[in-house]
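The values are calculated or read from the model by the stated rules, or taken from the named source; none is laboratory data. Predicted model, so just to flag it, every value in this text is computed and none were measured. For neighbour counting, all protein chains shown are included, and Cβ atoms are generated from backbone atoms with ideal geometry for every residue, glycine included. Note: accessible area is taken over every heavy atom of the protein model, side chains too, but ligands, DNA and RNA are not part of it. Shrake-Rupley method; radii C 1.70, N 1.55, O 1.52, S 1.80 Å.
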Amino acid sequence: GKPLAAGDLPAGTVVRALAAAALACLALSVLTGPRAALANIVLVTGAGHAYNLVLKATPWSWAPYACAFGALPSVVTLAGPAQAWAAPWATGAGAALGVGAHLLNTLPDLADDERAGVRGLPHRIGERPSRALAAALLAAASLLAVLGPSGNPPAWALAALLPVAALTALTLAAHGRTPFRAAVAVALLDVVLLVAAGR
């Protein structure tokens, strides 16, 4: 049902868009500084290509998501004045969020993927275990974002765990694309928490 596969979108258009996006990614990465650019190009972009080209149909389908999302906080910190890798809790929060999003994004397409020969981690462990694992990972990402930074977490950060708990529960109870949308909402909350922790 995708435009390129269905023939609704010319392949040449996609190639030109891909080339433009690749050039923009390289140029914008360079503007962040050499260390941040290297982390973004190798760890984030490289992980995306590794997923599409090699790992999507294997039990290691989760690994590129863990790598890319886990590296994103470091892309930011390596671009900052200290040019240092992100704290382990920030890397862990990003990785947990990425793997959880991978699991939930795959659930609505499990049957179609199986027919196409794609057997990543969610296909191998099944819908219910994937949903439960995703919920646990989303909760872990949020807890790391709140409790990971040094010092006592502010009251508003602790309060943010309440909607996170509700959205995480939704990933267990809902069907279709709703669990993924809930994951996106949790991701937005976690981004706010991570940005606030970095100030």
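Starting from the range 146-161, keep only residues that are within 9 Å of residue 197 (Cβ to Cβ), then list their pairs with residues that are among the aromatic types (Phe, Trp, Tyr) whose Cβ atoms are within a distance under 6 Å, requiring at least 6 positions of separation or different chains.
These pairs meet every condition: 148/89.
Could you list, in sequence order, all residues of the range 176-195 that are in contact with a Pro (Cβ under 9 Å, 6 or more places away or on another chain) and either outside any helix (DSSP H, G or I) or more than 13 Å from residue 94 (Cα to Cα) (or both)?
Across the range 176-195, the qualifying residues are 176, 177, 179, 180, 185.
Are there helices (runs of 4 or more DSSP H) fully within the range 1-112 with at least 2 residues that are in contact (Cβ under 8 Å) with a residue 12 or more places away in the chain, surrounded by fewer than 17 Cβ atoms within 10 Å (Cβ to Cβ) and of a type in the set (A, V, I, L, M)? List them. If you could, list the steps in order and put the result at the bottom.
Working: elements: 3-6, 11-31, 34-38, 46-50, 63-79, 88-106.
By residue number, no helices (runs of 4 or more DSSP H) qualify.
So if I check each of 84, 57, 27, 22, which one is farther than 23 Å from residue 176 by Cα and under 20 Å from the mean Cα position of the chain (by Cα)? Talk me through it step by step, then tell me what you get.
Numbers: 84 fails: under 20 Å from the mean Cα position of the chain (by Cα); 57 fails: farther than 23 Å from residue 176 by Cα; 27 fails: under 20 Å from the mean Cα position of the chain (by Cα).
After ruling out the rest, the residue left standing is 22.
Considering only residues of the range 162-199 that are without any contact (Cβ under 8 Å) to a residue 12 or more places away in the chain and charged (D, E, K, R), which is nearest to residue 139 (Cα to Cα)?
If we take residues in the range 162-199 being without any contact (Cβ under 8 Å) to a residue 12 or more places away in the chain and charged (D, E, K, R), then 181 is nearest to residue 139 (Cα to Cα).
Out of curiosity, is residue 161 open to solvent by 60 Å² or more (accessible area, probe 1.4 Å) and assigned to a helix (DSSP H, G or I)? Steps first, answer last, please.
On the way: open to solvent by 60 Å² or more (accessible area, probe 1.4 Å): no; assigned to a helix (DSSP H, G or I): yes.
Criteria not met by residue 161.
Take the conditions of a type outside the set (A, V, I, L, M) and open to solvent by 30 Å² or more (accessible area, probe 1.4 Å) and apply them to residue 150. Does it pass? If you could, list the steps in order and put the result at the bottom.
Numbers: of a type outside the set (A, V, I, L, M): yes; open to solvent by 30 Å² or more (accessible area, probe 1.4 Å): yes.
Yes.
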